[in-house]
Amino acid sequence: MNITAILLLTVSAFIHVIWNIICKRKSPTQPFFFMSSLTSTIILSPFLIFNLPQVIALPSSLWLLIFISGIFMALYYVSLAAAYRTSDMSIVYPLTRSIPVLLVAIVTALLGQGKPIGTVAGIIFLKEPAHLPRITGALIILTGLTIIALT
């Protein structure tokens with residue numbers, strides 16, 4: 001991995017953590033998340049305008065998926081706001097980061113669409129080979145979720 005990729009990942013991780021800290025410290029309400037999303041949209045709109053020909057060329061089936069994704073993102077923000085208002089960040093943050101990873105892998109396995117990225121569900125439902133990194137990753141995530149639930 002080159003230095004640019006490492007720097008981008010590191011900066012992205014710090015921005016992500018700072019964003020979640022701000023969300024917890026400020027008023028974690030639906031309007032707060034709406035205004036944050038609106039601000040991001042305004043800031044990123046020049047990139048959209050610059051790439052308008054490619055955006056217009058996207059197939060209609062992709063626009064449907066983008067719309068559905070937006071609905072799920074809105075539900076995520078409503079849930080995240082409620083979680084930050086009622087619980088400690090040390091519980092909410094790890095759950096919000098790990099549950100989607102497991103959920104996508106399980107749903108992918110149940111629908112039979114491709115091979116999920118290294119999960120126990122893929123091994124059980126799709127008869128994928130039980131590679132050690134896959135099992136280890138799934139077990140680490142499940143162990144972490146169990147520890148959080150028990151504390």
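The values are calculated or read from the model by the stated rules, or taken from the named source; none is laboratory data. In this text the structure is predicted, and so the values were computed from the model without any measurement. In this analysis, Cβ positions are derived from the backbone assuming ideal geometry, glycine residues included, and neighbour counts consider all displayed protein chains.
Data overview
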| quantity | calculated |
| --- | --- |
| Single residue of ILE6, ILE49, ILE68 found to be exposed (fewer than 10 other Cβ atoms within 10 Å of the Cβ) and more than 24 Å from ILE148 (Cα to Cα) | ILE49 |
| Qualifying positions in segment 32-55 - farther than 18 Å from ILE22 by Cβ, aliphatic (A, V, I, L, M) and either modelled with pLDDT of 90 or more or in contact with a Lys or Arg (Cβ under 6 Å, 6 or more places away or on another chain) (or both) | ILE49, LEU52 |
| Qualifying residue in segment 14-21 (condition: more than 20 Å from SER79 (Cα to Cα) and assigned to a helix (DSSP H, G or I)) | yes |
| Condition broken by VAL11, with the remaining ones in (1) touching a residue at least 40 places away in the same chain (Cβ under 8 Å); (2) within 26 Å of VAL101 (Cβ to Cβ) satisfied | (1) |
| Any chance TRP63 is over 16 Å from the mean Cα position of the chain (by Cα), assigned to a helix (DSSP H, G or I) and aromatic (Phe, Trp, Tyr) | yes |
| Every residue from segment 80-97 that is exposed (fewer than 13 other Cβ atoms within 10 Å of the Cβ) and closer than 13 Å to ARG25 by Cβ | ARG85, ASP88 |
| The lone exception for VAL55 - which of (1) β-branched (Val, Ile, Thr); (2) closer than 26 Å to ALA81 by Cβ; (3) surrounded by 10 or more Cβ atoms within 10 Å (Cβ to Cβ) it fails | (2) |
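Conditions (1) outside any helix (DSSP H, G or I); (2) within 18 Å of the chain's Cα centre (by Cα); (3) of a type in the set (Ser, Thr, Tyr), marked per residue:
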{"residue": "MET1", "(1), (2), (3)": "yes, no, no"}
{"residue": "ILE6", "(1), (2), (3)": "no, no, no"}
{"residue": "LEU9", "(1), (2), (3)": "no, yes, no"}
{"residue": "SER12", "(1), (2), (3)": "no, yes, yes"}
{"residue": "LYS24", "(1), (2), (3)": "no, yes, no"}
{"residue": "PHE32", "(1), (2), (3)": "no, no, no"}
{"residue": "ILE43", "(1), (2), (3)": "no, no, no"}
{"residue": "LEU48", "(1), (2), (3)": "no, no, no"}
